[in-house]
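Some notes on the structure that comes next.
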Amino acid sequence: MCTTELGACHGLAGQFAKLGAKMIGLSCDDTESHNAWSKDVLARLLSSNDDSLAFPLIADSDREIVGALGMLDPEEKTAEGVPLPARALVILNGTTVRLTILYPATTGRNFDEVLRVLVSLQLTTNNGLATPVDWKYGERVIVGPPVKTEDAQAKFEEFKIEELPSGKQYLRSVKCPETTLPEERVATAEVGATAESAAAEPAPAEPAAAEIAVAEAVPEDQVIEVAAVESKGCC
């Protein structure tokens with residue numbers, strides 16, 4: 001599954017870049033195998049004009065990094081009995097962890113969700129807002145508890161309080177604010193995390209056993225990184 005995920009990351013590199021993000025990868029294979037793997041990924045995505053991934057890959061062949069970070073799947077193992085790297089995913093704001101997801105080694109990640117979270121973080125950080133269930137950019141957002149109603153009414157548009165049986169006025173929402181980030185992120189939910197969707201943009205190759213994809217937001221106040229680890233597999 002690493003091959004399809006690396007292809008998707010390569011194809012989505014443009015979207016991450018438009019969000020002011022930078023991607024990095026970590027694999028449990030060595031650099032030589034990364035180079036061969038890249039050819040497979042790019043060939044599968046018909047990216048004949050690309051000879052390398054759209055992001056750098058770190059070789060962790062001794063598994064020192066994935067072991068230290070607890071990114072090995074205790075259940076899934078190779079034929080030799082070696083634990084496969086779990087598909088861990090981490091979003092960092094500078095050195096602060098903002099999100100962690102640990103997928104089983106046998107389950108591919110959803111990079112549409114990674115992009116959605118990235119957009120949400122950049123929209124809500126230090127803004128007194130939060131995004132509701134299944135939120136997509138452009139939909140209404142929630143006003144956080146620390147923000148006073150009068151301040152929210154003055155700062156945001158279309159302020160509303162939802163009437164609830166409890167009578168408590170805690171569910172407050174406003175129109176989604178516009179941000180300095182490109183509107184292309186609205187389309188991130190439409191970009192599939194499959195090789196087919198990634199084929200629309202250049203696709204890089206991926207390393208073999210485990211990898212960490214990292215997205216780092218450029219704005220100084222929002223340095224965001226997304227890290228994901230996966231095991232080398234059949235798909």
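The values are calculated or read from the model by the stated rules, or taken from the named source; none is laboratory data. Bear in mind that the values here come from a model prediction, so they are computed numbers and not experimental data. All Cβ positions, even for glycine, are placed from backbone atoms using ideal geometry, and neighbour counts span all protein chains on display. Side chains are part of the model used for accessible areas, which takes the heavy atoms of the whole protein and leaves out ligands, DNA and RNA. Shrake-Rupley method; radii C 1.70, N 1.55, O 1.52, S 1.80 Å.
The table below gives the values:
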| read-out | value |
| --- | --- |
| Qualifying residues in the stretch 98-115 (those that are surrounded by 21 or more Cβ atoms within 10 Å (Cβ to Cβ) and under 8 Å from the mean Cα position of the chain (by Cα)) - the one nearest to LYS77 (Cα to Cα) | PHE111 |
| Total residues in the stretch 125-172, condition part of a strand (DSSP E or B) and more than 25 Å from the chain's Cα centre (by Cα) | 3 |
| Residue within the stretch 173-186 that is modelled with pLDDT of 90 or more, open to solvent by 30 Å² or more (accessible area, probe 1.4 Å) and not in a loop (DSSP other than H, G, I, E, B) present | no |
| Hey, VAL90 surrounded by fewer than 18 Cβ atoms within 10 Å (Cβ to Cβ) and either more than 12 Å from LEU26 (Cβ to Cβ) or in contact (Cβ under 8 Å) with a residue 60 or more places away in the chain (or both) or not | no |
| Filtered residue count, the stretch 49-83, keeping only those that are touching a Pro at 6+ places or on another chain (Cβ under 6 Å), open to solvent by 70 Å² or more (accessible area, probe 1.4 Å) and under 20 Å from THR31 (Cα atoms) | 0 |
| In the stretch 1-42, the residues that are over 12 Å from the mean Cα position of the chain (by Cα), over 20 Å from MET71 (Cβ atoms) and of a type outside the set (D, E, K, R) | GLY7, HIS10, GLY11, GLY14, ALA17, GLY20, ASN35, ALA36, SER38, VAL41, LEU42 |
| Looking only at the stretch 130-141, and only at residues there that are crowded, with 18+ Cβ neighbours inside 10 Å and not aromatic (Phe, Trp, Tyr), the one that is farthest from VAL119 (Cα to Cα) | VAL141 |
| Hits in the stretch 37-48 - residues which are in contact (Cβ under 8 Å) with a residue 24 or more places away in the chain and open to solvent by 40 Å² or more (accessible area, probe 1.4 Å) | LYS39, ASP40, ARG44, LEU46 |
| Residue in the stretch 116-126 that is surrounded by fewer than 19 Cβ atoms within 10 Å (Cβ to Cβ), in contact (Cβ under 8 Å) with a residue 40 or more places away in the chain and touching a helix residue (DSSP H, G or I) at 6+ places or on another chain (Cβ under 7 Å) present | no |
